[in-house]
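The values are calculated or read from the model by the stated rules, or taken from the named source; none is laboratory data. Values in this document were obtained by computation on a predicted structure and should not be read as measured data. No Cβ is skipped: glycine too gets one built from the backbone with ideal geometry, and neighbour counts run over all protein chains shown.
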Amino acid sequence: MSKKTPVVRGLRDIYPGESERFDMVERSMIETIRKYGYQEIRLPILEAIDLFSRGLGEATDAVEKEMYTLEDRDHDILALRPEGTASCVRAVIDRNMTREGKPRLWYAGPMFRYERPQKGRYRQFYQIGAEAFGLAGPDVDAELIFMGHDMWKLLGLESAVELEMNTIGSGDSRRAYSEALVKYLNPRKKELDADSERRLTTNPMRILDSKNSSTQKLLESAPDPHDFIDSASRAHFEGVCEYLDHEGINFRVNPRLVRGLDYYTDTVFEWVTDELGSQGTICAGGRYNGLVERLGGPSVPAAGFAAGLDRVVLLHETLGMNADESAADVYVIVMESQHEAYARRLAQFMRRETSLRIRQHLGGGKVGVQMRQADRSGARWAVIVGDEEVAENRVALKWLREETEQESLDFEQLATCLNRAVESH
RNA sequence: GUGGAUGUAGCUCAGCUGGUAGAGCUCCGGAUUGUGGUUCCGGCGGUCGUGGGUUCAAGCCCCAUCAUCCACCCCA
């Protein structure tokens with residue numbers, strides 16, 4: 001045997017047994033977004049690197065130290081996307097989509113960040129995002145949150161998830177606050193932890209959610225970010241909160257909530273859980289009114305969110321929610337190998353006449369072996385073909401999960417029976 | 001990038017002060033000649049993460065390295 005090649009660090013295979021849950025959760029989330037009339041946009045995984053350095057902010061961790069970059073043969077520097085919003089905005093600008101409408105879009109796919117792997121944190125991870133362009137009102141922010149709420153409800157996660165909200169104000173007020181914060185902290189630099197001291201020059205706002213207790217103590221008498229938020233932003237945030245209250249969505253205002261990417265303005269929110277250890281954010285988003293312009297487009301408002309599929313799946317599993325892991329609904333068995341052609345015709349008939357997944361046994365073997373594989377496939381029915389059945393142009397239908405007598409049916413009766421069972425399921 | 005824990009069969013794990021590698025589950029076969037899931041019996045399966053060192057002898061001790069997990073950092 002030659003040497004094995006291990007999977008790349010931080011990357012993983014999602015095998016049968018887990019892929020079904022992954023798929024089911026992903027579909028549920030996408031279906032929820034589609035129900036709000038958002039349209040899919042398929043985006044490339046590679047982008048020019050400056051899209052991210054300009055879009056997310058030069059000093060963010062995602063850009064500073066977590067990007068996978070490569071040089072292609074034309075010597076262009078490309079990056080594997082660390083998130084989806086920047087690409088989505090670029091695509092919207094490329095087609096000038098906001099000139100003729102107010103697109104509401106969704107995307108799904110893998111993202112890449114070179115971070116230390118941990119539970120719920122992978123170097124290739126999957127996000128599902130929704131973005132709304134050209135709409136400035138608080139009803140948009142609220143709609144994005146309603147979607148999240150619907151998703152958790154649909155998946156049975158709502159009791160384990162909490163919503164945190166904050167407003168960080170307009171770009172101008174952020175700049176003003178940032179300056180005031182630096183002015184306050186600079187003389188007290190020595191009392192800050194090392195990370196916070198570094199951020200003082202790179203990204204001062206992020207000092208606010210430092211977990212260092214002495215830093216937090218220092219922040220108690222620091223300028224209050226809310227004093228810097230202008231009345232328009234304040235009104236906007238109150239508007240969002242009212243929509244949520246009206247729909248009965250619980251949330252907690254967390255003044256310390258600051259997002260890691262520079263493009264956010266006004267509303268920011270996070271859906272968090274304490275079931276997953278320290279990687280508790282399963283979905284996050286907010287408003288980014290300046291980003292389209294920053295990336296070379298017109299000055300249009302926008303808002304969106306991205307959910308971490310890996311983490312949502314993990315939570316779904318941690319809470320013990322069921323996921324169907326069956327490979328097929330019907331498993332086709334032959335008593336004697338000369339009936340295989342008949343069985344194949346039968347399988348095709350069922351694929352055509354029903355919506356079920358039909359797995360035909362391959363590889364021969366005794367009936368007992370075939371039955372065991374039928375059971376293991378998770379199928380609800382075994383359809384069995386032997387001399388008697390072929391002679392009469394019938395099949396034997398055996399229910400594998402219910403105490404129902406095995407029946408002998410012709411093809412039409414079989415289709416009727418299966419379809420009826422699907423409808424009432 | 002920092003700190004800590006852990007790597008033994010496909011999976012979950014045991015393995016004493018160093019003495020020729022074990023269990024449960026899974027898988028395969030049989031008991032069961034037209035029928036799975038329960039039970040019983042048998043069997044397959046391991047370069048002990050990798051590389052080096054100490055020793056008569058290393059799964060166990062030492063060093064390095066890789067990976068996973070946890071926390072920090074950061075984020076979905």
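Within the group A:Leu219, A:Leu257, which residue is within 24 Å of A:Gly171 (Cβ to Cβ), within 16 Å of RNA strand B (Cβ to nearest atom) and under 27 Å from the mean Cα position of the chain (by Cα)?
Values: A:Leu219 fails: under 27 Å from the mean Cα position of the chain (by Cα).
Residue meeting the stated conditions: A:Leu257.
Return the total of residues in the stretch A:38-69 being closer than 19 Å to A:Leu291 by Cβ, of a type in the set (Ser, Thr, Tyr), modelled with pLDDT under 95 and out of contact with any helix residue (DSSP H, G or I) (no Cβ under 8 Å at 6 or more places or on another chain).
Number of matching residues: 1.
Hey, can you tell me all the residues within the stretch A:269-308 that are of a type in the set (Ser, Thr, Tyr) and part of a strand (DSSP E or B)? Before the answer, list the steps.
Residues of the stretch A:269-308 that are of a type in the set (Ser, Thr, Tyr), as a first pass: A:273, A:278, A:281, A:288, A:299.
Once the filter is applied, which keeps residues that are of a type in the set (Ser, Thr, Tyr) and part of a strand (DSSP E or B), the stretch A:269-308 yields only A:Thr281.
Is there a residue being modelled with pLDDT under 95 and either on the phi > 0 side of the Ramachandran plot or within 14 Å of RNA strand B (Cβ to nearest atom) (or both) anywhere in the stretch A:342-360?
Within the stretch A:342-360, not a single residue is modelled with pLDDT under 95 and either on the phi > 0 side of the Ramachandran plot or within 14 Å of RNA strand B (Cβ to nearest atom) (or both).
For A:Arg359, are the conditions met, namely being of a type in the set (Lys, Arg) and in a helix (DSSP H, G or I)?
Taking the combined requirement at face value, the residue does not satisfy it.
Considering every residue within the stretch A:329-341, establish whether at least one is touching a residue at least 40 places away in the same chain (Cβ under 8 Å), within 14 Å of RNA strand B (Cβ to nearest atom), under 30 Å from A:Lys119 (Cα atoms) and not aromatic (Phe, Trp, Tyr). If you could, list the steps in order and put the result at the bottom.
Taking the stretch A:329-341 first, the residues touching a residue at least 40 places away in the same chain (Cβ under 8 Å) are A:329-336, A:339.
Pick out the ones that are also within 14 Å of RNA strand B (Cβ to nearest atom) and you get A:329-336, A:339.
Next, from what is left, pick out any that are under 30 Å from A:Lys119 (Cα atoms): none.
Looking for residues that are touching a residue at least 40 places away in the same chain (Cβ under 8 Å), within 14 Å of RNA strand B (Cβ to nearest atom), under 30 Å from A:Lys119 (Cα atoms) and not aromatic (Phe, Trp, Tyr), one finds none in the stretch A:329-341, hence no.
Taking the stretch A:7-32, which residues are in a loop (DSSP other than H, G, I, E, B), loosely packed, with under 14 Cβ neighbours inside 10 Å and among the charged types (D, E, K, R)?
A:Arg9, A:Asp13
Among strands (runs of 3 or more DSSP E) lying entirely in the stretch A:363-418, which contain 2 or more residues that are touching a residue at least 24 places away in the same chain (Cβ under 8 Å)? It would help to see each step written out before you state the result.
On the way: elements: A:381-385, A:394-399, A:407-410.
Where strands (runs of 3 or more DSSP E) fall fully within the stretch A:363-418 and carry at least 2 residues being touching a residue at least 24 places away in the same chain (Cβ under 8 Å), they are A:381-385.
Which residues, taken from the stretch A:263-292, are surrounded by fewer than 23 Cβ atoms within 10 Å (Cβ to Cβ) and acidic (Asp, Glu)?
Selection gives A:Glu270, A:Asp274, A:Glu275.
Is it fair to say A:Lys35 is more than 12 Å from RNA strand B (Cβ to nearest atom) and either exposed (fewer than 15 other Cβ atoms within 10 Å of the Cβ) or over 29 Å from A:Val258 (Cβ atoms) (or both)?
On the way: more than 12 Å from RNA strand B (Cβ to nearest atom): yes; either exposed (fewer than 15 other Cβ atoms within 10 Å of the Cβ) or over 29 Å from A:Val258 (Cβ atoms) (or both): yes.
Yes; evaluated as a whole, the condition is true for this residue.
Residue under question is A:Tyr36, and the condition is that it be in contact (Cβ under 8 Å) with a residue 12 or more places away in the chain, touching a strand residue (DSSP E or B) at 6+ places or on another chain (Cβ under 7 Å) and not assigned by TED's automatic domain parsing to the domain that holds A:Ser377; does it hold?
Judged against the criteria, A:Tyr36 is not a match.
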